[in-house]
Structure formats: structure tokens, C-alpha cells
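Only one structure is covered here, and it is reproduced in the block below.
The values are calculated or read from the model by the stated rules, or taken from the named source; none is laboratory data. Note that the structure is a prediction, hence the values are computed from the model and not measured. Here the Cβ positions follow ideal geometry from the backbone for every residue, glycine too, while neighbour counts run over all protein chains shown. The area values use the complete protein model at the heavy-atom level, side chains included, leaving out ligands, DNA and RNA. Shrake-Rupley method; radii C 1.70, N 1.55, O 1.52, S 1.80 Å.
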Amino acid sequence: MRIVRIALFFLVYVALDAVSYIEPIAPFAITPWNPTLGLCVAVTALYGPRALFPILVAPLLADAVNRGFPLTPLYSVWVGLLIAAQTALVTFGARRLMRASVRGIFEAEEIRILITALPSALVIASLHVGSLVGLGLLPGGQFLESIGHLWVGDIIGILIVTPFCFLLLKPEQRKAIEFTRVTETALQVAAVLATLWLIFGVHQDHANEYFYLLFLPMIWIVLRYGARGAIVMNVFVQGAMLLALLQLHATAESIVLFQAMLAVFALSGLTLGWTVDQRKAATHNLRARDEKLAASLTTAATSELAGTLAHELSHPIGAISNYVAALNHVTRDSPPDARAQSILAKLNQEVKRATDTLHHLRDFFRTGSLILQETDLTDLVRESTSLFVSRLTGRAVTPQLSLQAGPTMILADRIQLHAVIHNLLINAFDALQPVAPARQELRIGVRRAGGLAVLTVEDSGPGVAQDIRENIFDGLTTTKKDGLGLGLSICRSIVRAHGGTIELQDSTLGGASFVVTLPLIQQGNG
């Protein structure tokens, strides 16, 4: 893979060197546009010091392929050393700047690279031109002009090409490209082309005076797309401007002037773009923090309300338990009635279960404590479903069980998980009420997936409305006219306390599907 990357780097470098050899100070590698340097900086920033060796070789290869060594190959080697040195100064200087804890917009790597590129390019340009003047290869009178020529070319190369390479090569930036507004993007491209035509077509004799009209579409694009819009626009404007200048047979001085103006334009667009991105990120973080705070407050209110309800309901349930005991005592001396005795036994069992559940819920919401024991989730589902069916006297729907063979062992508080399963079954049953009896289906499944036990409760009801899907597990959110909105919130709290998750998905039956995942007991954990 590394060999492929190096070969690709050489290919792109040679191609960029060929198209950018415009108005050089012949026969030297001094041009007003040096995109190859921007490529070298991006590659070194991405792959580290190991990229410097190919950078040393690339100028030698480019001179051999594109120009056949207009000077001695030693000059190409010298240029390679200068480019490698400049690349190292820019990239490692940018990292040094990062370690200096620079905050704000300067946290962006591209901005730090541009900051270090300005002095680094001037130093290397002075060294390059000074060596040529010192060897008598370049007249001393061209010293300052040649430095400006090379410095502008290096700066514009880094400003345009390095951010574009990051956009293409960094996965996180590549994924974030979202030019989804097709019509607006087309209008923006048309605006840029029209402005370029106005500058270099209609007013070509005074193009430098009209150049700053490009700021108008640039502001539109950057406000919409941020730094990514500025990066793409800079590349587009660079190519279109150079084509226009070559078509107009512009002089080297004019090309350098427009390149310098483009450098100001590109830097302004990038700075504005990163500012827009930071503002959007800050707004997003603030919104996320507000949502998290609101969710925390809702959870706290739900917990308090659930604890209060558990406490208050314990009194009437306790009274019912006492009445059942009294009724047993009253009927003890009478001739026994088998049906009455069966009903009293079931009533007593349900009262005991309700009492235990309330006590556990109250303790859970007060202290977060669970009574964990090894539990077969399959058996627990069978038990919960059996109890649920016994309460559906005269109802048409019968839950369908789809249980994977073999035990599904988890560490669980049986009473708490029973409450979760029961709540999900009740919700599924209620969702079926508006559906014709022939279409009513309720399915409960248990399976193992990796290290997880997966419980699914799904129905053929109308499903959950889109406007409350994201908040369905929040406290006080309900689809029922007489609901409190506590059931699913309590279920989520219990499942999370078990180290699991609960999600709402679309059901293959056409309604809602609630999926609970819980960690399995790993073999050997006993």
C-alpha cells in the first residue's frame, strides 16, 4: 500500500509540475504558481516525516520527465532539498504552534499551516534565489523580483492545494461533504462564472480593479457551506483565472499580481469559512447540551414521580392484601367453594406480585439498587407471557413466542425485568386495539447474538408517530390519552441499570418493535 501511495504521489506531483510551469524565470524552477508545494505539505502533515524522502526525489523526477533537465541535475537535487526543508518547516512548525495551546480559529490545522507557511516560504525563497545570485546564475538586479515571484507562488500553492488535499484525503472531512442543495449550488457556480467573465471578459483591461467582485459569491458560498465551500471555490477560481490569463496572454508581472490578489481572496474565504464552521459547531454543542440538560431534568422528574407513585400505591395495595386475608378468614368456616378459593388464590398472588414490584421500583429509584441473580431470559419471558395471557380473558389476540433453543442466561433482577416485559406487552396489546381482529398479531422473541441476549416485542399496530419517535423513552411522553408517559422511561432506566439497551424499531408485522439487549453471562463466569 505504501508503494502505491508513493507512486501515486509521484504521478500527481509530475502532473501538477507540468501544468504549473507558467511564466517561469527560465530556466529555474521559479514560477508564480507552485501547487506541488501544497501537495508536499499535505502529504507530510498526513503521513509524517517518512514522506520527506519521496519529496526529495520528486523534483528530480519532474525535471527529468517534463523538461529534460534544463540545468544540471544537481540543481534539481538542490530544489528537492529546499522543498523538503520548507515542507518540514511548515508542517512541524504548525504542530509546534498547536502545542503552544493556541485556541479559537487557530485550532484548525490548515490555519496553523498557513501561519507557518508565510515566514517559511519567504526564508526558503530568499535562500533559493540567493544561491542562484551567489553562483552568478541570476543577475543581482532580479533578486527581489525573483523572491516575490517565488514567494507568491509558494503561498498560493499552499493556500489552494493543501486544504483541498485534506478535504480529499482525510476521511472525516470527506464524509462531511454535503453539497445537497443542488439548485442553489448550480446558482452559486453560475454566479462565480458570471463574475469571472465580468472581470476577465468585459473588463479585461481593468481586471485588477474588478477582481474583488469575487468576494460577493464567495460570501454566499462560505456562509452556506463553511470552509469546505471556500476550499472548493478557491480551486475552481484558481483554475479558471489562470486559463483566462493565459488566454489573454498576460505578462508574468500580471500573473504574479493576480496570484497575490487570489492569495488574499483565498485566505479571506478560508478564515471566514472556519469561523462559520466554529459557530455552527458551537451552536450544535450548545443545542446538544441543552437537550442533555432537559433530558436529565425530565429523568429526575420521572424518577421522583415514579418513586412517589410507588410509595402512594403501596397503601391501597396493602389494604387490598388485608381485605383478601380477611375474606379468606371469613370464608374459612363456610363450605368451601372451589371457584371462589381459586379466585382468592390468584388475587392473593397478584397482590403479592404488585407489592414486590412496587417495593423494588421504589428502592431502585431511590438507591439504584438491583437484586441480581442468574436468570434464564427465555424462562422469564415464558412466565411473564403466561401471566399476561391469563389476564386477557375473552380477548382474541394470543402472543406468539419465538424463543431460541437452549438457556439464555443473564444476570438480572427478575422482578424488575418482569416489569419491563409486562410493560412492553401491555403497550403492544394496547397498540392493537384499533386494528381489525383478523390482523392483530403480537410476537415475543428471544435470541442470542454474540455476547448479548436480544428480547423483541413487536406488534401489527399502526406504529409510533414520527414526531414522538425520538422522545418515546423520555419521561412524560405518551401516545395514550390516559397514559402518564412513565412506562417506557422506567423500562429504559431498568434496562440501562442491567447494562443493556432498549430501542424502538419498525416491525416486520407493520407496527412497532421494541428491542432489548442484555449482556449474556459468559461461559466460565459461573
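Flag not set for Ala42, criterion: open to solvent by less than 20 Å² (accessible area, probe 1.4 Å) and either farther than 26 Å from Leu262 by Cα or out of contact with any Ser or Thr (no Cβ under 9 Å at 6 or more places or on another chain) (or both).
Among the residues that make up segment 181-199, is at least one of them in contact with an Asp or Glu (Cβ under 8 Å, 6 or more places away or on another chain), farther than 23 Å from Pro32 by Cβ and basic (Lys, Arg)? Looking for residues that are in contact with an Asp or Glu (Cβ under 8 Å, 6 or more places away or on another chain), farther than 23 Å from Pro32 by Cβ and basic (Lys, Arg), one finds none in segment 181-199, hence no. For segment 45-64, a tally of residues being open to solvent by less than 10 Å² (accessible area, probe 1.4 Å) and of a type in the set (Val, Ile, Thr) returns 1.
Looking only at segment 408-453, residues that are of a type in the set (Val, Ile, Thr) and open to solvent by less than 10 Å² (accessible area, probe 1.4 Å) come to 6 in all.
On inspection, Leu425 passes the criterion of being within 38 Å of the chain's Cα centre (by Cα) and at pLDDT 85 or above. A Cβ distance below 8 Å, combined with a sequence gap of six or more or placement on separate chains, defines the contacts here; from segment 458-474, residues that are open to solvent by 20 Å² or more (accessible area, probe 1.4 Å) reach residues that are of a type in the set (Phe, Trp, Tyr) in the pairs Glu458/Phe514. The listed residues are Ala412, Ala419, Ala431, Ala405, and the only one of them that is more than 20 Å from Ile502 (Cα to Cα), out of contact with any Phe, Trp or Tyr (no Cβ under 9 Å at 6 or more places or on another chain) and among the small types (Gly, Ala, Ser) turns out to be Ala405. For Ile255, the criteria (1) at pLDDT below 85; (2) touching an Asp or Glu at 6+ places or on another chain (Cβ under 7 Å) hold in every case but one, which is (1). Each residue in segment 121-147 was checked for being open to solvent by less than 30 Å² (accessible area, probe 1.4 Å) and closer than 20 Å to Ile255 by Cβ, and 7 pass. Taking the criterion of being open to solvent by less than 50 Å² (accessible area, probe 1.4 Å), free of Cβ contacts under 8 Å to residues at least 60 places away in the same chain and of a type outside the set (Ser, Thr, Tyr), the residues of segment 72-86 that qualify are Val79, Gly80, Leu82, Ile83, Ala84, Ala85. Scanning segment 191-207 for residues that are in contact with a Leu (Cβ under 8 Å, 6 or more places away or on another chain) and at pLDDT 85 or above, we see that the one that is nearest to Val235 (Cα to Cα) is Val192. Flag: Ile115 does not match the condition of being of a type in the set (A, V, I, L, M, F, W, C), in contact (Cβ under 8 Å) with a residue 24 or more places away in the chain and either open to solvent by less than 20 Å² (accessible area, probe 1.4 Å) or over 22 Å from Ala252 (Cβ atoms) (or both). Out of curiosity, is Phe164 at pLDDT below 85 and not in a loop (DSSP other than H, G, I, E, B)? When the stated conditions are applied, Phe164 does not pass them.
Quick grid of which residues meet (1) in contact (Cβ under 8 Å) with a residue 40 or more places away in the chain; (2) more than 19 Å from His128 (Cα to Cα); (3) acidic (Asp, Glu); (4) not in a loop (DSSP other than H, G, I, E, B):
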{"site": "Ile6", "(1), (2), (3), (4)": "yes, yes, no, yes"}
{"site": "Tyr13", "(1), (2), (3), (4)": "yes, yes, no, yes"}
{"site": "Ile25", "(1), (2), (3), (4)": "yes, no, no, no"}
{"site": "Thr31", "(1), (2), (3), (4)": "yes, no, no, no"}
{"site": "Leu46", "(1), (2), (3), (4)": "yes, yes, no, yes"}
{"site": "Ala58", "(1), (2), (3), (4)": "yes, no, no, yes"}
{"site": "Ala64", "(1), (2), (3), (4)": "no, yes, no, yes"}
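Counting just the residues of segment 215-229 that are among the aliphatic types (A, V, I, L, M), touching a Gly at 6+ places or on another chain (Cβ under 9 Å) and without any contact (Cβ under 8 Å) to a residue 60 or more places away in the chain, which one comes out most open to solvent (accessible area, probe 1.4 Å)? Filtering first and then ranking leaves Leu223.
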